[in-house]
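The values are calculated or read from the model by the stated rules, or taken from the named source; none is laboratory data. None of the values given here were measured: they were computed from a predicted structure. Here the Cβ positions follow ideal geometry from the backbone for every residue, glycine too, while neighbour counts run over all protein chains shown.
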Amino acid sequence: MATLLKVATYKIIVNEMKSESPTDTPVPYFDIPLDIPHAGKIATRICVLLDSRGYLSEPRYLPLLEKAQEIENLLSPYRYDDDNPPDEESERIQREAATLGRELIVEIERVGAREDRLGQCIRNLFECLEMGREGATLSLRAGENPQSLQRPA
């Protein structure tokens, strides 16, 4: 089942992930086109959010902050572009950013930095990487409230 929504200039399709088993709950997600420039902006938001939490003062958070910074370093050169880079470069950036994003989730869980806003940013990052289904699941691991009004329904 798909419902079309108009958000900014994008038409976003809200999809429902097929369940693996009858007891699994389907996870709705936004399916939007690859948008590396906006992914760069979200990577910056993640770093700003983590910095605002005072994690710099505790060494146990250093790997978390470094992983977030790796994502921002990868995506920041494209932040102010109007379009994605050429196809081959876009595919490479998409793969690398998704891998780093998955590693960031592991660090978030390891240090207990889960929170709603961080989870929303993770979901948004993966949506911009054209991986909305995965982002909808990973965002919950990062602490997004499953009842959040920001989540697709």
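Remarks
- Hey, Ser76 more than 14 Å from the chain's Cα centre (by Cα), touching a residue at least 12 places away in the same chain (Cβ under 8 Å), over 20 Å from Ser52 (Cβ atoms) and in a helix (DSSP H, G or I) or not: no
- Set Ala98, Ala136, Ala68: member being in contact with a strand residue (DSSP E or B) (Cβ under 7 Å, 6 or more places away or on another chain) and assigned to a helix (DSSP H, G or I): Ala136
- Total residues in segment 22-57, condition among the hydroxyl-bearing types (Ser, Thr, Tyr) and surrounded by 13 or more Cβ atoms within 10 Å (Cβ to Cβ): 3
- Annotation: Ala153 fulfils all but one of (1) touching a strand residue (DSSP E or B) at 6+ places or on another chain (Cβ under 8 Å); (2) surrounded by 14 or more Cβ atoms within 10 Å (Cβ to Cβ); the unmet one is (2).
- Considering each residue of segment 85-96 in turn, none proves to be closer than 15 Å to Leu49 by Cβ, surrounded by fewer than 19 Cβ atoms within 10 Å (Cβ to Cβ) and either without any contact (Cβ under 8 Å) to a residue 60 or more places away in the chain or of a type in the set (Lys, Arg) (or both).
- Pro37 meets all of the listed conditions (1) modelled with pLDDT under 95; (2) in contact with a helix residue (DSSP H, G or I) (Cβ under 9 Å, 6 or more places away or on another chain) but one, namely (1).
- Filtered residue count, segment 61-94, keeping only those that are out of contact with any Lys or Arg (no Cβ under 9 Å at 6 or more places or on another chain) and basic (Lys, Arg): 2
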